[in-house]
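Below you'll find the structure, written out as structure tokens, and then a few comments.
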Amino acid sequence: MKKSIYVLVVIALTFTACKNEQKTKDHNESESTEMHGNSDGHHDNDKEHVEENRSIETSSDKNSATSAMVDGYLEIKNGLVSDDKSAAAKGGKNLLNAFASFDMGSLTKEQHSEYMEIIENATEQAEHIVKSPIDHQREHFEVLSNDMNDLIALLGTEKTLYQDFCPMANNGKGAIWLSETKEIKNPFYGSKMMKCGKMQKQIN
Amino acid sequence: MKKYLKRIIIVLIIAFIGIQFIPRTYNLRDTFSENDISKTFDVPENIQLIFETSCYDCHSNNTEYPWYNKIQPVSYFMEDHITEGKEELNFSEIGSYSKRRLKSKLKSIISQIDDEEMPMFSYTIIHRDAILSEEEKEQIKDWVSENLNLLSK
């Protein structure tokens, strides 16, 4: 009888411990969203100018800080081009690491709020790319490509990239992606439609 | 041998009673938040009804709990599931999302319905009224696409 009471206490404690952990996690998360909410509260209108498929101005400040992010993104892209789910997932992980280790101290106040908004969304897409089947990876890659395009427009890159456009993606509305090669290799359809798309712009 | 079996059963029963004392958290509000989709978008009545019937239990701050949620460990796992659902999309907080995030969420609603991922099977197996008819799917998708286009302008 005594033994069973011990077991009971241990079980109860385990459950309560898990619960507390969960709570702290939730708490931290809500805190960070709150912080984010405050920091961009004043800039709601500024954001309106961030349009979908915005073309990248050839930026004079070539930023090496974004290189790790671009590398992670391209790894996802190349995974999808070769219909390789796990390669894309690995790229997603690397992209998340690159986001986490980016030094935000170098950003101006205006850049910071736009950066936070882009990263919040891009992080969610990357998380899904890490854990989803390939069709879902591709859906999230569509959104992620827009985010990366805007991020590079905001911060610049030292790499030479090509902005490509696939008219069929996004339910026929069309979608962009970024590539390091001039040759078209379509990540939205992979081997099914490798050559679909056209280069819209060269960056750097 | 029989003695051990008896002991194990007793332990399990006591454990089951014991875990009933673990505090339950509830995801329950009487009123809709100011950031609820119904207050931040122009949502027609029929669309809002579908959202509430098929989505709100896991994707809002207004869950309608079944009776068995009063039993542990059901309550524990259910709450965990709801927390996860709300992280993905929370109809009660949609008004506070950035335009960028909102657009990707609306897009995801359409693809989740197209891929028949949501409402998920483990939910509709009990909540039969949450199953979307083909007509309801089209209504939701039309409404969401329309608003997605408005946001993209």
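All of the numbers you see were taken from the coordinates with simple rules; none came from a lab. Remember, it's a predicted structure, so these values are computed and weren't measured experimentally. Cβ sites come from the backbone with ideal geometry, for glycine too, and all protein chains shown count toward neighbours.
The conditions are (1) among the charged types (D, E, K, R); (2) under 19 Å from residue B:103 (Cα atoms); (3) touching a residue at least 24 places away in the same chain (Cβ under 8 Å); (4) not in a helix (DSSP H, G or I), and residue A:164 fails exactly one of them. Which is it?
(2)
Which is within 20 Å of residue A:76 (Cβ to Cβ) and either more than 12 Å from every other protein chain (Cβ to nearest Cβ) or surrounded by fewer than 23 Cβ atoms within 10 Å (Cβ to Cβ) (or both), of A:154, A:107?
A:154
Could you grab me the full set of residues in the range B:77-89 that are more than 8 Å from every other protein chain (Cβ to nearest Cβ) and either touching a Pro at 6+ places or on another chain (Cβ under 8 Å) or not acidic (Asp, Glu) (or both)?
The answer is B:77, B:78, B:81, B:82, B:85, B:86, B:89.
Just checking, does the range B:115-123 include any residue being within 12 Å of chain A (Cβ to nearest Cβ), assigned to a helix (DSSP H, G or I) and closer than 19 Å to residue A:125 by Cα?
Scanning the range B:115-123, I find no residue that is within 12 Å of chain A (Cβ to nearest Cβ), assigned to a helix (DSSP H, G or I) and closer than 19 Å to residue A:125 by Cα, so the answer is no.
Considering only the range A:77-91, state which residues are aliphatic (A, V, I, L, M) and within 14 Å of residue A:142 (Cα to Cα).
A:80, A:81, A:88
Let me confirm something: among B:104, B:33, B:92, B:38, which residue is in a helix (DSSP H, G or I) and either touching a residue at least 60 places away in the same chain (Cβ under 8 Å) or within 12 Å of chain A (Cβ to nearest Cβ) (or both)?
Result of the check over B:104, B:33, B:92, B:38: B:104.
Can you confirm whether the range B:64-75 contains a residue that is within 11 Å of chain A (Cβ to nearest Cβ), assigned to a loop (DSSP other than H, G, I, E, B) and touching a residue at least 40 places away in the same chain (Cβ under 8 Å)?
Yes, the range B:64-75 contains a residue that is within 11 Å of chain A (Cβ to nearest Cβ), assigned to a loop (DSSP other than H, G, I, E, B) and touching a residue at least 40 places away in the same chain (Cβ under 8 Å).
Just the residues that are at the interface with chain B (Cβ under 10 Å from one of its Cβ atoms) and out of contact with any His (no Cβ under 8 Å at 6 or more places or on another chain), please, taken from the range A:128-137.
If the condition is that a residue be at the interface with chain B (Cβ under 10 Å from one of its Cβ atoms) and out of contact with any His (no Cβ under 8 Å at 6 or more places or on another chain), then A:133, A:135 are the ones that fit.
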